[in-house]
Amino acid sequence: MIVDSVVLPLEWQNHAINDQNAYLAVKHNSLYMKKCFLLIFGLFAVTLGMSQSSAFGLKGGLTIGLQEWGGFEQDPLLKYHGIAFIESYNPDEPFAVFAQAGFHRKGSAIRNRNYRDPNSTGFVRPPAREFIFNNLSLTLGAKQKFLLSGNTQWYWLLGVRGDYTLDTNLDEYNEINMFYPIYPLDSDIFIRDFNYGITFGAGLDLPVADLMGILLEFSVNPDLSYQYVQPAIGNVVDPYTGGTRTINERRIRNLTFEVTLGFRFLRLVEYID
């Protein structure tokens, strides 16, 4: 069986064939959830922008991605993100609601590992290997601000998030998976397009002009759903030891830590009687 130009091992072929209906159901539910979330996000953002004073801007920075592969220790993935946001604004009210859309490179990496060379009795150390999921994230949430010093404020934020996977780099590992199927496969059967999670964090808002400020923010972004789900497979040659092992069912969730710097602008609406 060939899926997305990847030849699946026999045990996975049987699993994939038996699970086609479940797979199609997951895809249908994901599409429905994505449409609902986009509709809510759009209505929320338009309401914020049209009905009252608001703050908006752009921000971005470092993303530290973590994943657990169930038996394989992973290293952090160091990438980046960019976000456009809008939020309610009232100088007399510490609470605000916000909507934001961003591009986030999530995943994990393997560094400084020795592999057994199949052509000799020794080991080799390949370059770092990265497993990247490029996701579009939409977040709706709330924040509360507190006066820190002068006009500088600090704030906490909490939001619910929906992610859509635009693409991955898993096709880079198709060849090695033909011999050592230890890496996630580039297959729509196992990769989940739509995921959801929460975002929470804190930051500083430093005004630099009447209608402009600089934001410095730290956030934690755990997924509640699985980015990747793959069945167990036995008798796999382990390139780290040269022996055989069973790869357990692999359920991969994303967790990211983000350090963000941005610019915030105010749009003031004045009502005249």
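The values are calculated or read from the model by the stated rules, or taken from the named source; none is laboratory data. The structure displayed is predicted, hence computed values, not measured ones. In this analysis, Cβ positions are derived from the backbone assuming ideal geometry, glycine residues included, and neighbour counts consider all displayed protein chains.
Go through the residues of region 167-178 one by one and say whether even a single one is assigned to a strand (DSSP E or B) and either among the acidic types (Asp, Glu) or at pLDDT below 95 (or both). Within region 167-178, one or more residues are assigned to a strand (DSSP E or B) and either among the acidic types (Asp, Glu) or at pLDDT below 95 (or both).
Being surrounded by fewer than 16 Cβ atoms within 10 Å (Cβ to Cβ), at pLDDT 75 or above and within 30 Å of Asp186 (Cα to Cα) is true of Ala232. Filtered by the rule that a residue be assigned to a strand (DSSP E or B) and exposed (fewer than 14 other Cβ atoms within 10 Å of the Cβ), region 65-99 gives Leu78, Tyr80, Phe95. Screening Ile214 on (1) farther than 30 Å from Leu268 by Cα; (2) of a type in the set (A, V, I, L, M); (3) at pLDDT 95 or above shows it passes everything except condition (1).
Conditions (1) crowded, with 16+ Cβ neighbours inside 10 Å; (2) of a type in the set (Lys, Arg), marked per residue:
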{"position": "Thr139", "(1), (2)": "yes, no"}
{"position": "Ser149", "(1), (2)": "no, no"}
{"position": "Leu157", "(1), (2)": "yes, no"}
{"position": "Thr168", "(1), (2)": "yes, no"}
{"position": "Ile189", "(1), (2)": "yes, no"}
{"position": "Arg192", "(1), (2)": "yes, yes"}
{"position": "Pro207", "(1), (2)": "no, no"}
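Of all residues in region 163-196, those that are over 19 Å from Lys59 (Cβ atoms) and within 20 Å of the chain's Cα centre (by Cα) total 23.
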